[in-house]
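Here is the structure we will look at, set down as structure tokens.
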Amino acid sequence: MARVGVLGIGNVLMGDDALGPYVIKLLEAAWEPQDGLQLVDAGTPGLDLTAYLADLDAVVVVDVVKAAGAPGELRTYDKRELVERPPILAMSPHEPGLREAILNADFLGVAPGTIRLVGVIPESVDYRLGLSAPVRAALPAVIDRIRSELAALEVVPAPRAEPVAADVWWERKASA
């Protein structure tokens, strides 16, 4: 059985950077757990990102992306496009990005065969709780794209018979 991961990356305290964890919470609430499919809120892993990729057959990463376009616009990148990006100057342990993790996993021989990044252009990545309106409006498209990426891998998530509320705890704390 293929081991496929959906990996949400981001800091829930930094506005739109919470996209990845937010999407993972939505998927956990909507889909039944199933063998072979891992839904992982990886937070801001930095150098640890390689460990999240290790030994998966395929991974769909969800994160905000720096790209030309309007806030809320969806972008999808494959492994080749990600590793061809120029390297970043890492200024903290949290800055080595997906590109560096993929290269490290390739070097170690533990990289997934298929890597896709589903990203959204953020409006604001500042210290605040909650997604901006354009990024929040993009959530259905992000989930549809993840579902399409999984279908291409022949993984079909089963909806929960009784959907539960998404545990977006950081927003709950902000409104309390």
Go through the range 46-79 and give me each residue that's surrounded by fewer than 14 Cβ atoms within 10 Å (Cβ to Cβ) and outside any strand (DSSP E or B). Asp55, Lys66, Ala67, Ala68, Gly69, Ala70
So Glu171 fits all but one of (1) surrounded by 12 or more Cβ atoms within 10 Å (Cβ to Cβ); (2) modelled with pLDDT of 95 or more; (3) not in a loop (DSSP other than H, G, I, E, B); what number is the exception? (2)
Give Val142, Val110, Val135, Val120 a once-over and let me know the one that is open to solvent by less than 60 Å² (accessible area, probe 1.4 Å) and more than 27 Å from Ala51 (Cα to Cα). Val135
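Could you pull out the residue among Val125, Val164 that is touching a residue at least 40 places away in the same chain (Cβ under 8 Å), outside any helix (DSSP H, G or I) and open to solvent by 70 Å² or more (accessible area, probe 1.4 Å)?
None of the others qualify; the one that does is Val164.
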Anything in the range 7-37 that is over 13 Å from Ile146 (Cβ atoms) and in a strand (DSSP E or B)? List them, or say none. Ile9, Met14, Gln34
Out of all the residues in the range 41-68, which are in contact with a helix residue (DSSP H, G or I) (Cβ under 7 Å, 6 or more places away or on another chain) and closer than 21 Å to Ala141 by Cβ? Asp41, Val59, Val60, Val61, Val62, Asp63, Val64
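The values are calculated or read from the model by the stated rules, or taken from the named source; none is laboratory data. Please read all numbers here as calculations on a predicted model, not as lab measurements. Quick reminder, even Gly has a Cβ in these numbers, built from the backbone with ideal geometry, and neighbours come from all protein chains shown. These accessible areas exclude ligands, DNA and RNA; they are computed on the full protein's heavy atoms, side chains included. Shrake-Rupley method; radii C 1.70, N 1.55, O 1.52, S 1.80 Å.
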